[in-house]
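Remarks on the structure that follows.
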Amino acid sequence: LAQLRATRDELQHQDDVVSFVRRLAQARLDLVRAELRRRSNGGDGDGDLSGELPTILGAQLTGGSSRPPRPADDFSDEPLARALDALCREWGNADLAALDDSELAEFAERLDDFEQQRSAERRDLFHRIDLLSAELVRRYRDGEADVEWKADGKRALAAFLVARRGAQ
């Protein structure tokens, strides 16, 4: 039981990291796409998107997974975050005006590929977390595990309720 919980906790941590980096990639991709739209609408390469940031990035703040949010830590030192930073450095970081149209389109494609890989990782993590949660629930339901009310009761109850909600 302890091993199941530890594995699930580790997978949830991995999902937190992947989710954080995926949101960063989506935000950067949204900025690149906004610059591409601005240029296609006749804007020159020296334009400024700063006035449009609330609109451009607003979808990232209001959209998202149907899973409840988890506490957000700063995962900027994680290898995935460093990989995204390296990708962005390769393309001149945030100096979108320095890129010509074809470079900007290629950068958008690379960011989209990066984000899609993170999305696939999250789906895999969700599946694995759900399997572990279902196994925990089964063990409690079938009497193979005692709810540890004194030391870990709240956590066990929370795991049961989350898994039960996910199974419905």
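Quick notes
- Flag for residue 134 being among the hydrophobic types (A, V, I, L, M, F, W, C), under 23 Å from residue 32 (Cα atoms) and either surrounded by 12 or more Cβ atoms within 10 Å (Cβ to Cβ) or modelled with pLDDT of 85 or more (or both): no
- Applying the condition of being polar (S, T, N, Q) and without any contact (Cβ under 8 Å) to a residue 24 or more places away in the chain to the range 1-46 and asking which residue is least open to solvent (accessible area, probe 1.4 Å) yields 40.
The values are calculated or read from the model by the stated rules, or taken from the named source; none is laboratory data. These numbers come from a predicted model, not from an experiment. Please note: Cβ atoms are built from the backbone with ideal geometry, for glycine as well, and neighbour counts cover all protein chains shown. Calculation scope for accessible area: heavy atoms of the full protein, side chains included, ligands and nucleic acids excluded. Shrake-Rupley method; radii C 1.70, N 1.55, O 1.52, S 1.80 Å.
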